[in-house]
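First the structure, in the form of structure tokens, and then the observations on it.
The values are calculated or read from the model by the stated rules, or taken from the named source; none is laboratory data. For clarity, every value in this text was computed on a predicted model and none was experimentally measured. Positions of Cβ are backbone-derived with ideal geometry, glycine not excepted, and every protein chain shown enters the neighbour counts.
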Amino acid sequence: IQSKLPNVGTTIFTTMSALAAQHNAVNLGQGLPDYAMSKELIALVSKAMNDNYNQYAPMAGWMPLRESIAEKVQFLYNTTINPDTDITITPGGTYAIYSSLTTILQPGDEVIVFEPAYDSYVPNIEVNGGKAILLPLTIPDFRIDWQLVKQNISPKTKAIIINTPHNPTGAVLQESDIQELRKIVKGTNIFIISDEVYEHLIFDGIAHQSILRYPDLMERSFVCFSFGKVYHCTGWKLGYTIAPAALTKEFRKVHQFNCFSCFTPAQVALATFLKDKDSYLQLSPFLQEKRDYFIELMKETRFNLKSSSGSYFITASYERISDEGDADFAIRLTKEFGVATIPLSAFYQNSKDDKLLRFCFAKKNETLEAAAEKLVNL
Ligand code: PMP
Ligand code: GLN
């Protein structure tokens, strides 16, 4: 078979989680909580199943859920979204991004991607015949160099992918970034894919710069979300894409012959659960406390933690401990010291080694303590 993705192997998340299991290591690698999700939400799903909501949902998603999402968007970002024409429920955020790219890309189109980047973006572009234009985020703060973006816009530029809060670095876009983005795309046909799956995981009182706040950007954007990240249920693989009606119409053409519709009971349950604002507003203080606790614990080690303003990730330099490559070091850390992480080079297409590891702190306090206890030995 001729591979459509010749450069792609097994994802680092699969590799590191398997290694963690094999060596019984504390797993701070793959981004997933190890604490329980809301019992109330589980009860609502169970109720939906008992009430016989077990057949195909409408292709675009359960309407009451789309209405609850529109209400939430109005409340959070002061934007009116039409639940009928602008929202599509998807099987997860990754699929939402993939389908957005599939909707717009023609062979040879270029898409600007900032590195380090969530590892699905580039394969998503390439499988659609597009070309990723890889631009580095600036060191040490992982900000976007807008001058560099300007220099890399070409007649073939079809889209720019942004991700705030950012996986893997925890960086967040500021209002000034959005102003730069506005200037760059004004008068062009460039689309924006905005990965906002960590919209509620933002700390220190910083406001999330959702594209949904900006009508002029909204009209050219696919904004992608994930319930897995909001409600501690990554295994549900449920999310949504918000895009203007004309874009959503094309998006649904792709979606209807790929997946058609998503798991009904969870949609019925979320339609109700989402109405409780606390269900998502409490996320930021909860995770901020975890971040701060992890930083405190790690002070006893020789790792040098970088800042994290959002997401449930934080990066750390191990320069004081070893000069090994980050992948080798991450493997040794798992095997010999019993802590699994993700080496940052996994978020770059071309080998780059800044001696950084990504830690996921969405864990029970005792898990974070167990990891720190092992890491002080290095
Ligand atoms: N984007 C980023 C940056 C992520 O970290 C994730 C989490 N895997 C996703 C999108 C998508 O999440 P999911 O497909 O699990 O809903
Ligand atoms: N988003 C998760 C992470 O970055 C992993 C998702 C996946 O395993 N594909 O860790």
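Across the range 307-321, which residue is surrounded by the fewest Cβ atoms within 10 Å (Cβ to Cβ) among those that are in a loop (DSSP other than H, G, I, E, B) and in contact (Cβ under 8 Å) with a residue 24 or more places away in the chain?
In this case the residue turns out to be E319.
Go through the range 193-260 and tell me which helices (runs of 4 or more DSSP H), entirely inside it, have 2 or more residues that are within 14 Å of ligand 2 (Cβ to nearest atom).
227-230
Out of L32, L5, I need the residue that is touching an Asp or Glu at 6+ places or on another chain (Cβ under 8 Å) and surrounded by fewer than 19 Cβ atoms within 10 Å (Cβ to Cβ). Which one?
L5
For the subset of the range 116-130 comprising residues that are part of a helix (DSSP H, G or I) and more than 11 Å from ligand 1 (Cβ to nearest atom), which member is surrounded by the fewest Cβ atoms within 10 Å (Cβ to Cβ)?
The extreme case among them is V127.
Report, ordered by the first and then the second residue, all pairs with beta carbons closer than 9 Å, sequence separation of six or more or different chains, a first member in the range 227-245 that is in the same structural domain as T90 (by TED's automatic domain parsing) and over 10 Å from P33 (Cβ atoms), and a second member that is β-branched (V, I, T) and within 8 Å of ligand 1 (Cβ to nearest atom).
Cβ pairs passing all conditions: V230/V197; K237/T94; G239/T94; G239/V197; T241/I97.
Would it be correct to say that V223 is within 11 Å of ligand 1 (Cβ to nearest atom) and under 20 Å from G61 (Cα atoms)?
Against the criterion (within 11 Å of ligand 1 (Cβ to nearest atom) and under 20 Å from G61 (Cα atoms)), V223 does not qualify.
Matching residues to (1) modelled with pLDDT of 95 or more; (2) touching a Lys or Arg at 6+ places or on another chain (Cβ under 8 Å); (3) outside the structural domain of A371 (by TED's automatic domain parsing):
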residue: L19; (1), (2), (3): yes, yes, no
residue: Q22; (1), (2), (3): yes, no, no
residue: V26; (1), (2), (3): yes, yes, no
residue: M37; (1), (2), (3): yes, no, yes
residue: E40; (1), (2), (3): yes, no, yes
residue: V45; (1), (2), (3): yes, no, yes
residue: A48; (1), (2), (3): yes, no, yes
residue: M59; (1), (2), (3): yes, yes, yes
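Can you find, within the range 267-306, the residue that is surrounded by the most Cβ atoms within 10 Å (Cβ to Cβ) among those that are farther than 17 Å from L28 by Cα and of a type in the set (S, T, N, Q)?
Within the range 267-306, the match that is surrounded by the most Cβ atoms within 10 Å (Cβ to Cβ) is Q267.
Is one or more of the residues making up the range 4-26 over 30 Å from S351 (Cβ atoms), more than 16 Å from ligand 1 (Cβ to nearest atom) and of a type in the set (A, V, I, L, M, F, W, C)?
no
Within the range 87-107, does at least one residue satisfy the condition of being farther than 24 Å from F260 by Cα and surrounded by fewer than 20 Cβ atoms within 10 Å (Cβ to Cβ)?
yes
If I filter the range 192-225 down to residues being under 14 Å from the mean Cα position of the chain (by Cα) and hydroxyl-bearing (S, T, Y), which single residue comes out as nearest to F313 (Cα to Cα)?
Ranking the candidates gives Y198 first.
Test of understanding: among L270, L297, L274, L283, which residue is over 30 Å from L238 (Cβ atoms) and either in contact with a Leu (Cβ under 7 Å, 6 or more places away or on another chain) or in contact (Cβ under 8 Å) with a residue 60 or more places away in the chain (or both)?
When all the criteria are applied, what remains is L297.
Out of all the residues in the range 238-249, which are over 13 Å from L270 (Cβ atoms) and either buried (at least 17 other Cβ atoms within 10 Å of the Cβ) or modelled with pLDDT under 95 (or both)?
Residues satisfying the conditions are T241, I242, A243, P244, L247, T248.
When the range 331-367 is examined, which residues are found to be part of a helix (DSSP H, G or I), within 22 Å of the chain's Cα centre (by Cα) and away from ligand 1 (no atom under 16 Å from the Cβ)?
Of everything in the range 331-367, just one residue is part of a helix (DSSP H, G or I), within 22 Å of the chain's Cα centre (by Cα) and away from ligand 1 (no atom under 16 Å from the Cβ), namely S345.
Output yes when any residue across the range 48-65 is closer than 23 Å to Y198 by Cβ and in contact with a strand residue (DSSP E or B) (Cβ under 6 Å, 6 or more places away or on another chain), and no when none is.
Yes - at least one qualifying residue is present in the range 48-65.
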